[in-house]
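Participant: Sharing a structure, written as structure tokens. Questions coming.
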Amino acid sequence: MVMLQVRQIHVPPGQRVLLENVGWPEFEDILQELGEHRSARIAYKNGILEIMTPLPEHETSKENIGDLIKVLLEELDIDYLPMGSTTFKNSAMLQGIEPDQCFYIQNEAAVRGKDRLDLSSDPPPDLALEIDVTSRTHPKTYAVLQVPELWRFEHGKLQINVLKEGQYITVSESPTFPGLTLNEIIPRYAAQMKQVGRRAAIKAFRGWIRSKV
């Protein structure tokens, strides 16, 4: 049997590799071998491991929308903890995922100051963001891990999903930000970032929020 090191596997940007029959201990070993400072994203479900390398446009959208969410939280004076692409996993459920961006909002105080999170005892992030440039979103994994809110951005459109009875349903307003039509506004200012620059777009977005509250 030929044995390969995970670091020998090259995944071109925008592509993915699926590894089957990966046990949980092997998954943990692979995470350790890959390390924390890497461009690849992983997803694990019931023995199947996906390794994906995002495209540059994916990373740009991730940063732009993530920054708009941060501005929104700050302008609304809401405490939050951004966790980026932290690996969230639960060994009992045999599930693991790395969102493009995620935030603790309602449960921020419960995880404040923690360097390591264990979803068998800690709450999941309150909001996860996935950029679907490569259609890698795994809603069933997020549902099993009980992430209350999943935002999916694809082809310039934002879809807001909330968890109801174990499944995601699409809604017109985020329950975290009631009364704001973010599925329309976030894409608008994300597009402006590419046209007029980040500083000008964020300044305009702050003005919009203040006009609403």
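Conditions tested, residue by residue: (1) surrounded by fewer than 16 Cβ atoms within 10 Å (Cβ to Cβ); (2) in contact with a helix residue (DSSP H, G or I) (Cβ under 7 Å, 6 or more places away or on another chain); (3) not in a helix (DSSP H, G or I).
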site	(1), (2), (3)
62	no, no, no
65	no, yes, no
68	no, yes, no
99	no, no, yes
103	no, yes, yes
110	yes, no, no
113	yes, no, yes
141	no, no, no
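Participant: Report yes if residue 118 is surrounded by fewer than 16 Cβ atoms within 10 Å (Cβ to Cβ) and at pLDDT 95 or above, otherwise no. Outline the logic, then answer.
Facilitator: Details: surrounded by fewer than 16 Cβ atoms within 10 Å (Cβ to Cβ): yes; at pLDDT 95 or above: no.
Against the criterion (surrounded by fewer than 16 Cβ atoms within 10 Å (Cβ to Cβ) and at pLDDT 95 or above), residue 118 does not qualify.
Participant: Among the numbered criteria (1) farther than 22 Å from residue 59 by Cα; (2) of a type in the set (S, T, N, Q); (3) at pLDDT below 95, which single criterion is violated by residue 170?
Facilitator: The number of the failed condition is (3).
Participant: Does the range 137-156 contain any residue that is of a type in the set (Ser, Thr, Tyr) and at positive phi? Before the answer, list the steps.
Facilitator: Of the range 137-156, the ones of a type in the set (Ser, Thr, Tyr) are 137, 141-142.
Now drop any that are not at positive phi, which leaves none.
No.
Participant: Okay, moving on. Which number in (1) in contact with a Lys or Arg (Cβ under 8 Å, 6 or more places away or on another chain); (2) surrounded by 20 or more Cβ atoms within 10 Å (Cβ to Cβ) marks the one condition that residue 180 misses?
Facilitator: (2)
Participant: Among residues belonging to the range 164-208 that are of a type in the set (D, E, K, R) and assigned to a loop (DSSP other than H, G, I, E, B), point out the one that is nearest to residue 147 (Cα to Cα). Break it down stepwise before answering.
Facilitator: Of the range 164-208, the ones of a type in the set (D, E, K, R) are 164-165, 173, 184, 188, 194, 198-199, 203, 206.
Then drop every residue that is not assigned to a loop (DSSP other than H, G, I, E, B), which leaves 165, 173.
On the way: 165: 12, 173: 17 Å.
Here the answer is 165.
Participant: Please go through the range 41-60 and give me each residue that is modelled with pLDDT under 80, hydrophobic (A, V, I, L, M, F, W, C) and buried (at least 17 other Cβ atoms within 10 Å of the Cβ), ordered by number.
Facilitator: 42, 52 - these are the residues of the range 41-60 that are modelled with pLDDT under 80, hydrophobic (A, V, I, L, M, F, W, C) and buried (at least 17 other Cβ atoms within 10 Å of the Cβ).
Participant: Of (1) of a type outside the set (Gly, Ala, Ser); (2) touching an Asp or Glu at 6+ places or on another chain (Cβ under 9 Å); (3) buried (at least 19 other Cβ atoms within 10 Å of the Cβ); (4) at pLDDT below 95, residue 161 satisfies all except one. Which?
Facilitator: (4)
Participant: Answer yes if at least one residue in the range 84-92 is on the phi < 0 side of the Ramachandran plot and part of a helix (DSSP H, G or I), and no otherwise.
Facilitator: Step one: list which residues in the range 84-92 are on the phi < 0 side of the Ramachandran plot, which gives 85-92.
Those still in the list that are part of a helix (DSSP H, G or I) too: none.
No - not one qualifying residue is present in the range 84-92.
Participant: Considering every residue within the range 189-200, establish whether at least one is of a type in the set (Val, Ile, Thr) and either under 24 Å from residue 108 (Cβ atoms) or in contact with a strand residue (DSSP E or B) (Cβ under 7 Å, 6 or more places away or on another chain) (or both). Break it down into steps so the answer makes sense when it comes.
Facilitator: First, the residues of the range 189-200 that are of a type in the set (Val, Ile, Thr): 196.
With the extra rule that they be either under 24 Å from residue 108 (Cβ atoms) or in contact with a strand residue (DSSP E or B) (Cβ under 7 Å, 6 or more places away or on another chain) (or both), the set shrinks to none.
No, every residue in the range 189-200 fails to be of a type in the set (Val, Ile, Thr) and either under 24 Å from residue 108 (Cβ atoms) or in contact with a strand residue (DSSP E or B) (Cβ under 7 Å, 6 or more places away or on another chain) (or both).
Participant: Please indicate, with yes or no, whether at least one residue in the range 188-205 is closer than 18 Å to residue 99 by Cβ, modelled with pLDDT of 95 or more, β-branched (Val, Ile, Thr) and surrounded by 18 or more Cβ atoms within 10 Å (Cβ to Cβ).
Facilitator: Scanning the range 188-205 turns up no residue that is closer than 18 Å to residue 99 by Cβ, modelled with pLDDT of 95 or more, β-branched (Val, Ile, Thr) and surrounded by 18 or more Cβ atoms within 10 Å (Cβ to Cβ).
The values are calculated or read from the model by the stated rules, or taken from the named source; none is laboratory data. Predicted model only: the values in this text are computed from it and were never measured. In this analysis, Cβ positions are derived from the backbone assuming ideal geometry, glycine residues included, and neighbour counts consider all displayed protein chains.
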